[in-house]
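What follows is one structure encoded as structure tokens, with my remarks underneath.
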Amino acid sequence: MKSGAKILFESLAKEGVETIFGYPGGSVLPIYDELYDSDVRHILVRHEQAAVHAADGYARASGKVGVCLATSGPGACNLVTGIATAYMDSAPVVAITGQVPTTLLGRDAFQESDITGITLPVTKHNYLVPRTEELGRIIHEAFYIAGSGRQGPVLIDIPKDVTTGTAEYNAESDSLVSLRGYQPTLQGHPRMIEKAMNRIARAERPLIYAGGGVISSGGSEELVQFAEQWHIPVTTTLMGLGAIPCDHELCLGMLGMHGTECANYAVTECDLLIAVGVRFDDRVTGKVEAFAPNADVIHIDIDPAEIGKNKRVDIPIVGDVRIALRQMLQENESRTSPRQWNERVAQWKEEFPANYPDDGKLRPQFIVKELSDLLNGRGIIVTEVGQNQMWAAQHFCFRRPRQWISSGGLGTMGYGFPAAIGAAVACPDEPVIDIAGDGSFQMNIQELATVAQYNIPVKVVILNNQFLGMVRQWQELFYERRYSFTELPPVDFVRVAEAYGVPGIRVDAPEDVRAALETALNTDGPFVLDFHIEREENVMPMVPAGAAINEMILGERK
Amino acid sequence: MRPHTLSILVENKPGVLSRVAGLFTRRGYNIESLAVGTCEEPDMSRITVVSIGDDEAIEQIKKQLNKLIEVIKVSDLTYSDHVAREIALIKVHAEAGSTRAEVMQLADNFRARIVDVGKKTVILEVTGDTSKINALEDLLRQYGIKELVRTGKIAMPRGSKMISPKYR
Ligand SMILES: Cc1ncc(C[n+]2csc(CCOP(=O)(O)OP(=O)(O)O)c2C)c(N)n1
């Protein structure tokens, strides 16, 4: 017989968990006591929201399930935003929460909250563990569910008496998961694959629209191979950045609200849209009736519910993106390369590059470009939310999957810094950069204490405009510049960082950017760079909400 | 838009009903009727839901239901031949010597049973499909319906078609 707390760590070990991010409290005391002698690395964050974002960042950087731990009540509730963030972006996270003892459940006990009820709509599945006997099985189920099919967060709520109680646990037999209600379809249906290939062979203006599913399935290589074999241009979603190298001849960059002109025109004109691991999000489609209006749609996705949810699909392929692409690569259809179309697309690409003024002012786009050049394919870019996120997406050249980590679906300010901590822990040999706004950074700024304590080498690049920039941009464009509560008073981030024991530099001039970035990258451990950028810079191009995606507001051309 | 009858086979575990019901609300689908009970397997339950929507919307809700880990099978009975039943208990004003005889006669016509007789009221128990119960309710209204309780609809396909997976 073993205690529940012991079973917890034995089953985590069986799942290969090396690191967890957490914060202690009353109902998890037995778990923390067990942790005291455990081999698992525990990173003490300074707010539970950071624990779940870090677990999420760890998962996205490594492809493994990320794990976080919090106490009942306030601890558990502090996880909610992060769980919802992971849910919207299908990130595999297991969140473990303490709960009041089963004998007190439902009595409004001290620090009791119905966290399984609260997280029902934002988890792939969740558990309230009723007995110590079931703990081991539930943990293995949770990991299986989080990490398979369309991945997502799973929460396990463990009452205190379940961790103190004892039961038998056998890692071999208890980790055999069988769930009759959950059997993801991995192989694409052969008839649909064949149908898709026939349609592709006839296409005159085909376009691939690739998303986060390509990254999470590990199908980037297959995607590029497929695009090359058929000479089909590729545009990616925000979540799909890195699925094809940005400097690949067939890569058109991102589509949608802040997508490239080239990508948005190509979508509008294509006659066949091959949607791979995407969900036709409204930030991508704009006015959905005008999205790929002349195209047949092939949609490959592991989640059958995504097919036909937002846009009518002609050829559905339910399956793991990587496996389905492999099946498609095996079909021996052939077709002459769509020369005319490819030339047209190449011409757009050349004619409308991502642009920004070059006038001696400190522009955020320039900072991102400098960083991109300096890293030259290395590194992991994590972002906050807002303009900083879009500038990073538009101007950094992503060369491989999992190089880009950002909160796409929920758009959670405060995600980036803790997620970067997770990424840095998962990939200690990669430089990890959090591209931040001054607003977002302040949403989890307390994590400076965490990076200082563990010497986690996250470099924070603040694109400081003293505004909630993205909201200000909308106010400028759609609310007659009525900047209602979007101006932020200046904060001396260098001194804040120093107070936590983290070095920092303030930069005001373009000519100092390179040296500052180099200093940060060459410093062991964390670093804060506070770039005071042009305050009212906008993210362009931009598709206004509800417009068709080829109806863009354009920035200045060079 | 039309009523769809969905038969949902689920794991018999705590919280399953709120997962299923919550999904309908969250995704903006209404529940017209709901019936939950045990089924032929002790560790499973069957939920029968009637929801109004066009075929596309119902297709989406079926897919979303299938994503719930504890949902084992979803069957849409709308377009297949099936038996559907509801039960209603209707307490009607029916005084002896006054309208009671008429009410009893109506009950008889609908093959409803009288399950309670009070001084001023009787309780009718009627079983049937939705329209039969609606019809009786309409006719009884003139006598004065004091209270009415109705179960959700339960349904089963006719013949060899099954709503259970072929696990046996
Ligand atoms: C938690 C949260 N609250 C509010 C918002 C709405 N919002 C989106 S972008 C943005 C401004 C972000 O400002 P900042 O972090 O300074 O970045 P910038 O846009 O200036 O680069 C806000 C408030 C959000 N996305 N997340």
Across segment A:165-188, what is the total count of residues that are surrounded by fewer than 17 Cβ atoms within 10 Å (Cβ to Cβ) and away from chain B (no Cβ under 14 Å)? 9
Filter pass, B:E147 being closer than 19 Å to B:R85 by Cβ, touching a strand residue (DSSP E or B) at 6+ places or on another chain (Cβ under 7 Å), at pLDDT 95 or above and not hydroxyl-bearing (S, T, Y): no
Of these, A:V321, A:V345, which one is touching a Cys at 6+ places or on another chain (Cβ under 7 Å), away from chain B (no Cβ under 14 Å) and buried (at least 21 other Cβ atoms within 10 Å of the Cβ)? A:V345
Within segment A:375-393, which residues are surrounded by fewer than 23 Cβ atoms within 10 Å (Cβ to Cβ) and either assigned to a helix (DSSP H, G or I) or near the ligand (Cβ under 10 Å from one of its atoms) (or both)? A:L375
Among the residues in segment B:108-117, are any touching a His at 6+ places or on another chain (Cβ under 8 Å), exposed (fewer than 15 other Cβ atoms within 10 Å of the Cβ), of a type in the set (D, E, K, R) and away from chain A (no Cβ under 14 Å)? no
Quick one: would you say A:A203 is small (G, A, S), farther than 29 Å from A:A76 by Cβ and in contact (Cβ under 8 Å) with a residue 40 or more places away in the chain? yes
If we scan segment A:124-133, do we find a residue that is without any contact (Cβ under 8 Å) to a residue 24 or more places away in the chain and over 20 Å from the mean Cα position of the chain (by Cα)? no
Being away from the ligand (no atom under 12 Å from the Cβ) and either without any contact (Cβ under 8 Å) to a residue 12 or more places away in the chain or more than 21 Å from A:P418 (Cβ to Cβ) (or both) narrows it down to one residue among A:R472, A:R482; which is it? A:R482
Looking at segment A:444-452, can you tell me whether even one residue there is within 12 Å of the ligand (Cβ to nearest atom), in a helix (DSSP H, G or I), away from chain B (no Cβ under 14 Å) and surrounded by fewer than 24 Cβ atoms within 10 Å (Cβ to Cβ)? yes
Would you mind listing the helices (runs of 4 or more DSSP H) fully within segment A:458-558 where at least 2 residues are over 26 Å from A:K361 (Cα atoms)? A:493-499
A:L105 versus (1) over 29 Å from the mean Cα position of the chain (by Cα); (2) among the aliphatic types (A, V, I, L, M); (3) farther than 17 Å from A:G73 by Cα; (4) within 12 Å of another protein chain (Cβ to nearest Cβ): which is the lone unmet condition? (3)
Here is a list of conditions, (1) on the phi > 0 side of the Ramachandran plot; (2) buried (at least 20 other Cβ atoms within 10 Å of the Cβ), and A:G4 meets all of them except one; can you say which number that is? (1)
Filter result for the condition that a residue is surrounded by fewer than 20 Cβ atoms within 10 Å (Cβ to Cβ) and among the aromatic types (F, W, Y), over A:F143, A:F110: A:F110
What number of residues within segment B:107-126 are within 19 Å of the chain's Cα centre (by Cα) and part of a strand (DSSP E or B)? 4
Entirely in segment B:1-102, the strands (runs of 3 or more DSSP E) that have 2 or more residues that are hydrophobic (A, V, I, L, M, F, W, C) and within 14 Å of another protein chain (Cβ to nearest Cβ): B:2-11, B:44-53, B:71-76
Output the residue which, of all residues in segment A:394-403 that are away from the ligand (no atom under 14 Å from the Cβ) and closer than 16 Å to A:G259 by Cα, is surrounded by the fewest Cβ atoms within 10 Å (Cβ to Cβ). A:C397
Residue check: is A:G437 under 23 Å from A:F398 (Cα atoms) and either within 16 Å of the ligand (Cβ to nearest atom) or surrounded by fewer than 17 Cβ atoms within 10 Å (Cβ to Cβ) (or both)? yes
Provide a single number: the residues in segment A:330-341 that are surrounded by 13 or more Cβ atoms within 10 Å (Cβ to Cβ) and at pLDDT below 95. 4
Output for segment A:419-434, where each listed residue is within 14 Å of the ligand (Cβ to nearest atom) and not in a helix (DSSP H, G or I): A:D434
Name the one entry in A:D33, A:D37 that is without any contact (Cβ under 8 Å) to a residue 24 or more places away in the chain and not assigned by TED's automatic domain parsing to the domain that holds A:I421. A:D37
Test A:G416 against the stated conditions and say whether it is within 12 Å of the ligand (Cβ to nearest atom), modelled with pLDDT of 95 or more and surrounded by fewer than 24 Cβ atoms within 10 Å (Cβ to Cβ). no
Tally up the residues in segment A:522-554 that are acidic (D, E) and within 19 Å of A:P510 (Cβ to Cβ), please. 4
Among the numbered criteria (1) closer than 23 Å to A:E261 by Cα; (2) away from the ligand (no atom under 14 Å from the Cβ); (3) part of a loop (DSSP other than H, G, I, E, B); (4) out of contact with any Pro (no Cβ under 9 Å at 6 or more places or on another chain), which one does A:S372 miss? (3)
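The values are calculated or read from the model by the stated rules, or taken from the named source; none is laboratory data. What you see is a predicted model; the values in this text were computed from it and never measured. Reconstructed Cβ throughout: ideal geometry from the backbone, glycine too, with neighbour counts over all protein chains shown.
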